[in-house]
Amino acid sequence: MESQNQHPPQPQEPSKLGTTFSRTCFNGLNTLSGVGILSIPFALSEGGWLSLILLFLLALLCWYTGLLLQRCMDANLHIKTYPDIGDVAFGLKGRITISIFMYLELYLVAVEFLILEGDNLNQLFPNMGFNMAGIKVGGRQCFVLLTAVVILPTTWLKNLGLLAYVSAGGVLASAVLVACVFWVGAVDGVGFPTLCNSMKDRSQFSKVLLVCFITSTITYGSMAVLGYLMFGQYLNSQVTLNLPIRKISSRIAIYITIINPLTKYAIVITPIAAAIEEARPFRNSRVISILVRTLIVISTVLVALMVPFFSYVMAFVGAFLSVTVSVLLPCLFYLKINVAARRFGLELVTIIGIMVIGSLVGVVGTYTSLKEIVNRILN
């Protein structure tokens, strides 16, 4: 594509359709807030207080790369989604690459949901399990299988409007969870392109990014500090596993944690299933749709049973997939689309610096997480 400076985009005027500034901020916060917040205290206990600096630095880098994605969208009004940006930058290869990373990230998030359910249900109901054909199924594995059975019917719904009622409970659950953890510590005494495209006034998207990243960074940072001060080096991979179940507030926090995956699992795997179902031989077949979604659920169950390490799977998702999707690819796409950005200057130096930092974090984090996963599987 030619430079933005050669063909400046037309001014974006607010339209009657689309979401408002406040609603886009809410959607953005909902996107950034996930089950990863449960492992933030554990990450702080492993990395020490200096790791908070890395948290703030990555938030700053992701805010900037979010602006780069917005500029890519402004350069071509036909761009509606992230894969569209990859297509404009590198053609079909770019679209396929970003799609693979996005779908793989969603898939592993679905696996994380099942691991989360198994761990927290086992915390509430320890010493559960059963024997099947001479094979002993432990409590965690039992609850993973039970969760899959409960979740499966929700994945068969293709109407996202119906799923919205289910996922609305997840938004409320996230807020209640943070409040409960705070209550346990203070009272009980225990020691982003789709959003831009949906806005009425896309010119305000930079402000939305700023609000979302500041708020999310404060939320994640507060949870990290609070959990670390409460439990120190004794933190488990999920802070809810440290909460004393005799406390009512702790039980509420764990119940809320259990509800979250139940409300979000179907939403997470829907894009993956839809991509498969859109293939020409399978299009508009209800039977194939149910079969595809059922197979996805079964496969995530198998992965969750084989790799039941929440913190290290989360670390791999963050280091390899999230860093690639949120830090590295936005820089590459922007430099490819915007010719003027390749000229030597402050912007180019900044982008190269972001790519160097992102690559370092990605390589070190991916190697460390995979090493821990392999060691735990072999042991």
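List of remarks:
- Counting only helices (runs of 4 or more DSSP H) that sit wholly inside segment 277-379, those with at least 2 residues that are surrounded by fewer than 18 Cβ atoms within 10 Å (Cβ to Cβ) are 286-306, 346-378.
- Test: residue in segment 44-51 that is among the hydrophobic types (A, V, I, L, M, F, W, C) and under 21 Å from the mean Cα position of the chain (by Cα): yes
- Single residue of V88, V111 found to be farther than 30 Å from V144 by Cβ and in contact with a helix residue (DSSP H, G or I) (Cβ under 7 Å, 6 or more places away or on another chain): V88
- D119 open to solvent by 10 Å² or more (accessible area, probe 1.4 Å) and out of contact with any helix residue (DSSP H, G or I) (no Cβ under 7 Å at 6 or more places or on another chain): no
- Residue count for segment 196-229, restricted to those that are aliphatic (A, V, I, L, M), assigned to a helix (DSSP H, G or I) and either surrounded by fewer than 21 Cβ atoms within 10 Å (Cβ to Cβ) or touching a strand residue (DSSP E or B) at 6+ places or on another chain (Cβ under 8 Å) (or both): 8
- Residues of segment 242-276 classified as open to solvent by less than 40 Å² (accessible area, probe 1.4 Å), assigned to a helix (DSSP H, G or I), at pLDDT 80 or above and not hydrophobic (A, V, I, L, M, F, W, C), total: 3
- Being among the aliphatic types (A, V, I, L, M), in a helix (DSSP H, G or I) and open to solvent by 20 Å² or more (accessible area, probe 1.4 Å) is a description that does not apply to L69.
- F101 fulfils the conditions (1) surrounded by 21 or more Cβ atoms within 10 Å (Cβ to Cβ); (2) of a type in the set (A, V, I, L, M, F, W, C); (3) closer than 20 Å to K336 by Cα except for a single criterion, (1).
The values are calculated or read from the model by the stated rules, or taken from the named source; none is laboratory data. The structure presented is a predicted model; accordingly, all values stated were derived computationally and were not measured. Cβ: placed from backbone, ideal geometry, glycine included. Neighbour counts: every protein chain shown. We work out accessible area using only protein heavy atoms, side chains counted, and drop any ligands, DNA or RNA first. Shrake-Rupley method; radii C 1.70, N 1.55, O 1.52, S 1.80 Å.
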